[in-house]
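Visitor: Please read through the structure below; I'll follow up with questions.
The values are calculated or read from the model by the stated rules, or taken from the named source; none is laboratory data. Everything numeric in this text was worked out from a predicted model, so none of it was measured. No Cβ is skipped: glycine too gets one built from the backbone with ideal geometry, and neighbour counts run over all protein chains shown.
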Amino acid sequence: MSEPAVAVAFFDPARELYGMARSGASVLFEGQAATVLAEGPTVSAGRRGRLRAELDGHFSLDLEPLSDKAELGGVSARVCRTKGEVRGTRVDCLGTVSETPKPPAWEELDAVRTVSALFEGEDAVLAMARRPREAPGHGHELTTGWLVQEGELASVERVRISTVYDGDGRQRSGGLELWLPGEDLPRRVSGTAIAGSSLELEGVRVHLAIFRWRMEEREGVGAYELMVRVEAPTAA
């Protein structure tokens, strides 16, 4: 059995440095300027459950998990305290690390959306939506979400992700509604893209966006990733 694919992300708004990196592809943001790299980091286990992620010439990071694993439809994710260096600049911020045991079955899917919203105090929202082939809209997506409060996972009965896209299908603003057990009204999170980039992988178009989020008068930061299956051209 192969090892799970590991992805890391970090968000340092004070220095306007952000990154999302996985095997075969990394995207670094310095302000709104994006650098796409056709390689991923080396991730190794450290002491006390920590991880070290390194990409030669670009970053060296230590990630300390702050939460248990949140299971998101085949992906497990944790909130992390992230410290290290990104292109010569020291960072100390929040981030995520996720593991994917097997890649999405794109023969069964049209799109996958993944959202992270991180707030100081070890609070976060993590969510994923998978849209089956030929589903008429997001109301037919398979959604999963977790609320992280002071590092503890709180189950969410239902999550809804709404999005405003630009003319090229890139996410520009969005919101989440989280229904928790025993609560009559949803918790709400809203956000706006502050940086973004797009790339083409084999059979998949990926739109990555760094978002500034707001939840209950608190401001945070995180990511909104949209992966869309691309139909192979039909032979003439």
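Visitor: If Val97 satisfies every condition in (1) crowded, with 20+ Cβ neighbours inside 10 Å; (2) over 15 Å from the mean Cα position of the chain (by Cα) but one, which is the exception?
Guide: Here Val97 meets the rest and fails (2).
Visitor: Where residues in the stretch 112-150 are closer than 17 Å to Leu72 by Cα and of a type in the set (Gly, Ala, Ser), which of them is surrounded by the fewest Cβ atoms within 10 Å (Cβ to Cβ)?
Guide: Ala129
Visitor: Which number in (1) buried (at least 22 other Cβ atoms within 10 Å of the Cβ); (2) farther than 30 Å from Arg229 by Cβ marks the one condition that Arg48 misses?
Guide: Here Arg48 meets the rest and fails (1).
Visitor: Pick from Ala21, Ala45, Ala34, Ala105: which is under 22 Å from Gly151 (Cα atoms) and among the small types (Gly, Ala, Ser)? Show your work before the answer.
Guide: Working: Ala21 fails: under 22 Å from Gly151 (Cα atoms); Ala34 fails: under 22 Å from Gly151 (Cα atoms); Ala105 fails: under 22 Å from Gly151 (Cα atoms).
Just a single option satisfies the conditions, and that option is Ala45.
Visitor: Here's another thing I want to ask about it. Given the criteria in contact with a Pro (Cβ under 6 Å, 6 or more places away or on another chain), closer than 26 Å to Asp123 by Cβ and in contact (Cβ under 8 Å) with a residue 60 or more places away in the chain, does Val221 qualify?
Guide: Numbers: in contact with a Pro (Cβ under 6 Å, 6 or more places away or on another chain): yes; closer than 26 Å to Asp123 by Cβ: yes; in contact (Cβ under 8 Å) with a residue 60 or more places away in the chain: yes.
For Val221, the condition - in contact with a Pro (Cβ under 6 Å, 6 or more places away or on another chain), closer than 26 Å to Asp123 by Cβ and in contact (Cβ under 8 Å) with a residue 60 or more places away in the chain - is met.
Visitor: Still on this structure, I have one more. Taking the residues in the stretch 139-180 that are of a type in the set (Ser, Thr, Tyr) and either in a loop (DSSP other than H, G, I, E, B) or closer than 23 Å to Ser67 by Cβ (or both) as candidates, determine which candidate is modelled with the lowest pLDDT.
Guide: Only one residue fits best here, namely Ser155.
Visitor: Give Arg78, Arg131, Arg87 a once-over and let me know the one that is free of Cβ contacts under 8 Å to residues at least 24 places away in the same chain and touching a His at 6+ places or on another chain (Cβ under 8 Å).
Guide: It is Arg131.
Visitor: From the list Gly222, Gly191, Gly196, exactly one residue is more than 28 Å from Glu108 (Cβ to Cβ) and buried (at least 19 other Cβ atoms within 10 Å of the Cβ). Which is it?
Guide: Gly191
Rundown of residues vs (1) on the phi > 0 side of the Ramachandran plot; (2) modelled with pLDDT under 95; (3) among the aromatic types (Phe, Trp, Tyr), yes/no style:
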residue: Arg15; (1), (2), (3): no, no, no
residue: Gly24; (1), (2), (3): yes, yes, no
residue: Gly31; (1), (2), (3): yes, no, no
residue: Ala34; (1), (2), (3): no, no, no
residue: Gly46; (1), (2), (3): no, yes, no
residue: Leu55; (1), (2), (3): no, no, no
residue: Asp62; (1), (2), (3): no, no, no
residue: Ala70; (1), (2), (3): no, no, no
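Visitor: Filter the stretch 146-163 for residues that are among the charged types (D, E, K, R) and more than 18 Å from the chain's Cα centre (by Cα); which is nearest to Leu226 (Cα to Cα)?
Guide: In this case the residue turns out to be Arg158.
Visitor: Scan the stretch 151-167 residue by residue and report those that are surrounded by 15 or more Cβ atoms within 10 Å (Cβ to Cβ) and farther than 16 Å from Val189 by Cα.
Guide: Correct list: Gly151, Leu153.
Visitor: Being over 15 Å from Leu226 (Cα atoms) and loosely packed, with under 15 Cβ neighbours inside 10 Å is the filter here; which residues of the stretch 168-186 pass it?
Guide: Hits for the stretch 168-186 are Pro181, Gly182, Glu183, Asp184, Leu185.
Visitor: Here's another thing I want to ask about it. Being in contact with a Phe, Trp or Tyr (Cβ under 9 Å, 6 or more places away or on another chain), buried (at least 18 other Cβ atoms within 10 Å of the Cβ) and either assigned to a strand (DSSP E or B) or of a type in the set (Phe, Trp, Tyr) (or both) is the filter here; which residues of the stretch 71-83 pass it?
Guide: Matches in the stretch 71-83: Ala77, Cys80, Thr82.
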